[in-house]
Amino acid sequence: MAVQVDGGSRPSGAEVVFVHLGSDAPSYLDVAVAQAQLFTDRVTVVVDRPDYLGKRLTGANRVDAESLLDEEERSAFVRASALDGVFRAGFWVLSALRLVVLGRYAASRPWPVLHLESDVLLYVAPSELLRGTVGRDLWMPVVSGRSASAAILMVRRPEGGSLLAEWIQASAATPDRSGLTEMECLAHLGVTYRDAVGFLPRLPSDVAFDPAFRCLPLGWGLADLARGDAALSWAFDAGCFGQYLGGVDPRNIDQVAPRPAAYASPIRFVNGDDLIDTSRLEFGLLEVNGSVGPGLACGDTAVPLANLHVHSKYLHYFAAPAVGTAWRADRARPRRLAGGGEAAWLVPQEKWSLLGAFLARVVGPVLSPTPRMHAALRGWAGGPASRRIGFRRG
C-alpha cells in the first residue's frame, strides 16, 4: 500500500514512528516526540485526523492513519477480533489495531523504522541501535514468559512490517487465541518466526545483573530471551523500569493514582509478572565520554537505558532537560559499564523544598508540553545542580 509522506532523502538511520489511533493525541505525546527529535530529524506521527494537531509536534512528519487502514477495515477487524475485549472496554483490540497500522507503514518504507509508543522516551540515537540489530527483520523486548512489548520495536526491513501486520490480523481473528492480549500475540509471533524476529536485551548479558532476573514460568519459552539476541550495550524498557520510577497508568487502577515521581523519588512499583525484578536495581545518570543520560546499575556494574516506558504518563519528569536537574556533580562515582569501560554514576538528590515539591505536583502536569519550563521549575524546587543532561545525535 503506497503512502504519501513529505520528505524524500533516504535517512542514514531509522525513522522514529509514533502511532496514535482514536481520540485526540494526548499532550504527553508532544514530550515523547520532542525527546526523539534530540536524536534524529526523521520523526513521524501516524494519527487519526492529523489536521486536528494544529501547530503541535513541530518538525514531525504527519501521516493520516486512515490512509493505512480505513474505517471499513477497522470495523471488520473489531468485529472479527477474538482478543481480550474486556479490559478497559477493548483496549487490547485497539492496541492490536495500532500494530496493524504500524506494520503497514513500516512495510511501505525502504528504510528501518523504530516504533515508540506514545508514552516512551528515547535516550539513544536510532543509528546506534541499527548496529546491533542485524540478521532479523523485526526486534522487540520480552516482558514475561508469554508476552512481549511494542513499547520500543525495530522494523529493520519492509518484510518485518508486513509480517507484523499480517500476523496481528490473523491472530485477532483466530478463535483459539480468544482472550489474548496484543502483547501475547507479539510473543507468539516471536517464537513462531525465530528466524525473522529478534529480541532486544532487557538487561545486558553480564553476570552482575543475574540477581535482577526472576525465575518465572517459561510460558512459550521466552524467559531465556530476556537478555536478548542483539549485540547492544543498552537496557531496553518493556514497561517495568518506567513503572518502578513513575508508577502505573492511572486508568489501570481503581484508586487515586500515586503522585508523579522522578528518579530522585521513585514510586517503586514492582511488576510481579515481569521477568525483571526492578527492586534489585539502582537508577541514576551515567556520564560516558561527556554524554549524560539515564541508566541503571546492579552492584558495581551499570548500563545506559535506551528508552523509558512511562506508564504514569508524566513524561516531563524524565525528559531532557528536566531530568538532568535532579543530580549533583559532587555525588558522582565511577561504575563499570557492562559493555566495557567506566562511567561516572550520578546519584539523584533526595530532597526538594516543600514549596517546590508542591508546585511540581500541581503545575508539573500543566507544563508537560513545555519541558524547558518544567526544567526551570524542577531546578528551582530541587536546589542547585551543576550538570545538565546531554545527548549525542547519531
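Using the structure shown, decide if GLY228 is modelled with pLDDT of 80 or more, in a loop (DSSP other than H, G, I, E, B), outside the structural domain of MET140 (by TED's automatic domain parsing) and within 22 Å of CYS185 (Cβ to Cβ).
In short, yes.
Out of curiosity, is SER127 farther than 14 Å from HIS309 by Cβ and among the polar types (S, T, N, Q)?
In short, yes.
Taking the conditions exactly as written (in contact (Cβ under 8 Å) with a residue 40 or more places away in the chain, part of a helix (DSSP H, G or I) and touching a Lys or Arg at 6+ places or on another chain (Cβ under 9 Å)), does GLY160 satisfy them or not?
yes
Tell me the residue from PRO211, PRO141 that is modelled with pLDDT under 90 and either assigned by TED's automatic domain parsing to the domain that holds VAL101 or not in a strand (DSSP E or B) (or both), please.
Exactly one of PRO211, PRO141 is modelled with pLDDT under 90 and either assigned by TED's automatic domain parsing to the domain that holds VAL101 or not in a strand (DSSP E or B) (or both), namely PRO211.
With respect to ALA223, determine if the residue is small (Gly, Ala, Ser) and at pLDDT 80 or above. Steps first, please.
Values: small (Gly, Ala, Ser): yes; at pLDDT 80 or above: no.
Here the answer is no, as ALA223 does not meet what is asked.
Based on what the data block shows, is GLY284 modelled with pLDDT of 80 or more, over 18 Å from ASP206 (Cα atoms) and assigned to a strand (DSSP E or B)?
Yes: the conditions hold for GLY284.
The values are calculated or read from the model by the stated rules, or taken from the named source; none is laboratory data. What you see is a predicted model, and the numbers here were worked out from it, not measured in a lab. Positions of Cβ are generated from backbone atoms using ideal geometry, with glycine treated the same way; all protein chains shown enter the neighbour counts.
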